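Before any comments, here is the structure.
The values are calculated or read from the model by the stated rules, or taken from the named source; none is laboratory data. Values in this document were obtained by computation on a predicted structure and should not be read as measured data. Counting neighbours? That spans all protein chains shown, and the Cβs are built from the backbone with ideal geometry, glycine included.
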Amino acid sequence: MLAQIKNKTAQLLEKIIDREEGGIVALLERPRDPSHGQLAFPVFSLAKKMRKAPPQIAADVASQIESLNDPHLAKVQAVSGFVNFHFRPEFLQSTVSQGVLKQDPARVGWSKQGQGKRVVIDYSSPNVAKPMSIGHLRATVIGQAICNLARTQGFEVTGLNHLGDWGVQFGKLAWAFENWGQDYDFQAKPFESLYALYVRFHAEAEARPELDQLGAETFKRLEEGDKKITDLWRWFVDISLKEYQRLWDLLGVHHDLVRGESFYNDRLKPTEQILEKKGLLEESEGAMVVRLDEEEMPPCLIRKSDGASLYATRDIASAIYRMEELKADLNLYVVGVDQSLHFKQVFEVLEKMDYPWAKDCHHIAFGMYRFKDQGKMSTRRGNVIFLEDVLEKSIDLVRKIIAKKNPDLPDSEKVAQQVGVGAIIFNDLLYDRVKNVDFDWEKVVDFEGDSGPYVQYCHVRCWSLMQKYGAPIGDEFVAPLDSPEEIELLRILMSYDEVLRMAFASFKPHLVANFLLDLCRAFGHFYHQHRILNASQPEIVASRMTLVRATQVVLKSGLGVLNIEAPTAM
Ligand code: ARG
């Protein structure tokens, strides 16, 4: 939609200045101050060639555009070095009508740029036997939002769970189960018991280092296919997946494919052989490594001295699988910033293996959560913040707010869940993912602040206006709306498709979250400044309701992209 008015503007400018339309489009900006119109063209780049001062050029260009008398324009103004374009409400309205109201609401703002291409997105990917912590929340919700964004751009999406289901810890767990299993009630509390074993093993191993050796030996048996240990391992995986599924259901997360680390077991040898053939494998203190001296990185470990394979080896094999077998065009890893070095090494090794697609693998890193008085969270020490507790607490806070503010709300338990979970997701996606997030309960569920509930509430407000109006709402505007609040609301609605495009291009869902807040604020100004249902003329009422409907459609769509529900009452 925004592209349309940009093209229109560029066509006009092209008639006056000596520059191609495409080049002009790239220069057009959105003025910060809404009173400066909907688009601004900076003239600084013309100054040298025209040998005039920018304000003079801007004034000349503005007056020449004015004299074109283009029917789409209300006015053109020169403000210092900028030419500001104010469009007629009719043009903005017909753009929103075409781009929002006449579209399938489930695909509003979508593009076809990714058609025929596949994106594989590795996200959530927890480690068996460990509870999902608040840290996994980020890998889960950022990943799901990027899956949703990729779909809006027309890509085929494979959301993939690289479950942590292999490694020496499974030897330790199996050993712990064989020796201490009878102390726990696996029947009643399978996952809690598994995790308790895990915590106990690490606690006891601090005093008795020989336990690590026993764990390693048991893992060796697992790698060799020992039936008893393999059965135990399978059972541990099963217990864990059931546990995770509850949380994924609560968050509305759905993976298309589970390819845990163990999936690559029989692909590791072939991978090593390629490395060998390419002359990349070197011995170092009994282990096999790929040296990355030139890249100023520590060597990438491929095989340990005891023959055990490593996390990195699996990631090399998994990248080959995704690119060559799943035929991905883009391979994304939504994983915390603490694994940056790991991914740099893996991608560098793929580069050295001469895979032309190595450049299409990207680590989508994110920062950590910070709670007051709680350092970095580690599952091993057992002082972890469980994701489930955080979600439950949020739902409970919302439940209490609803009980106080809207005790007769139908389906209130379902709404409390939608709003409580939505609050946690929105808070996570509100900030640029690379930054750490300070977690503050007051902000998370603040119905009036920059929060999920605030956006959901704005959606409810639109919805209830539509219910009160009762009549069908047109997908065209029957009368021009020209107040600053209405023009601003139209301008924001018009930028939705562009926001989706940019959010995917940079893999930054926070652009969508911030857009939604802008939209809600603009809607709030409109709602408070203007009478909607009892405006003076029926055409104005109808037009304003069309604007309300466009807002409702875009809010619901944007929340959907973030994987947040849009209730119709709360
Ligand atoms: N299981 C890992 C963790 O929880 C994340 C896996 C990410 N994906 C990958 N291909 N390495 O830290």
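For the reader, a short list of remarks on this structure follows.
- Enumeration of residues in region 148-178 that are touching a strand residue (DSSP E or B) at 6+ places or on another chain (Cβ under 7 Å) and within 15 Å of the ligand (Cβ to nearest atom): THR158, GLY159, LEU160, ASN161, HIS162, LEU163, GLY164
- Any hit, region 361-371, residues being among the β-branched types (Val, Ile, Thr), within 16 Å of the ligand (Cβ to nearest atom) and at pLDDT below 95: no
- Applying the condition of being part of a helix (DSSP H, G or I) and touching a Phe, Trp or Tyr at 6+ places or on another chain (Cβ under 6 Å) to region 91-138 and asking which residue is nearest to the ligand (Cβ to nearest atom) yields ARG138.
- Residue within region 333-353 that is more than 12 Å from the ligand (Cβ to nearest atom), out of contact with any Ser or Thr (no Cβ under 7 Å at 6 or more places or on another chain), acidic (Asp, Glu) and over 19 Å from MET297 (Cβ atoms) present: no
- The set of residues in region 437-479 that are in contact with an Asp or Glu (Cβ under 9 Å, 6 or more places away or on another chain), in a helix (DSSP H, G or I) and in contact (Cβ under 8 Å) with a residue 40 or more places away in the chain comprises PRO453, TYR454, GLN456, TYR457.
- The sole residue among LEU250, LEU241 that is closer than 18 Å to ASP122 by Cα, out of contact with any Phe, Trp or Tyr (no Cβ under 9 Å at 6 or more places or on another chain), surrounded by 14 or more Cβ atoms within 10 Å (Cβ to Cβ) and in contact (Cβ under 8 Å) with a residue 24 or more places away in the chain is LEU241.
- Taking the listed residues ARG531, ARG501, ARG544, the one that is of a type in the set (Lys, Arg), over 19 Å from the mean Cα position of the chain (by Cα) and surrounded by 19 or more Cβ atoms within 10 Å (Cβ to Cβ) is ARG544, with no other qualifying.
- Total residues in region 237-266, condition at pLDDT 95 or above, closer than 21 Å to SER318 by Cβ and not in a loop (DSSP other than H, G, I, E, B): 11
- Whichever residue in region 298-326 is over 20 Å from VAL157 (Cβ atoms) and either loosely packed, with under 14 Cβ neighbours inside 10 Å or charged (D, E, K, R) (or both) and, among such residues, is nearest to the ligand (Cβ to nearest atom): ASP315
- Number of positions in region 30-53 that are more than 13 Å from ILE17 (Cβ to Cβ) and in contact (Cβ under 8 Å) with a residue 24 or more places away in the chain: 9
- When LYS414 is tested against the conditions (1) closer than 30 Å to GLN98 by Cα; (2) not in a loop (DSSP other than H, G, I, E, B), the lone failure is (1).
- Pairs where the first residue, in region 323-338, is at negative phi and assigned to a loop (DSSP other than H, G, I, E, B) and the second is within 13 Å of the ligand (Cβ to nearest atom) and basic (Lys, Arg), C-beta under 8 Å, 6+ apart: ALA328/ARG322
- Count of residues meeting criterion [touching a helix residue (DSSP H, G or I) at 6+ places or on another chain (Cβ under 7 Å) and buried (at least 18 other Cβ atoms within 10 Å of the Cβ)] in region 428-454: 11
- The residues of region 528-555 that are charged (D, E, K, R) and part of a loop (DSSP other than H, G, I, E, B) amount to a single one, ARG531.
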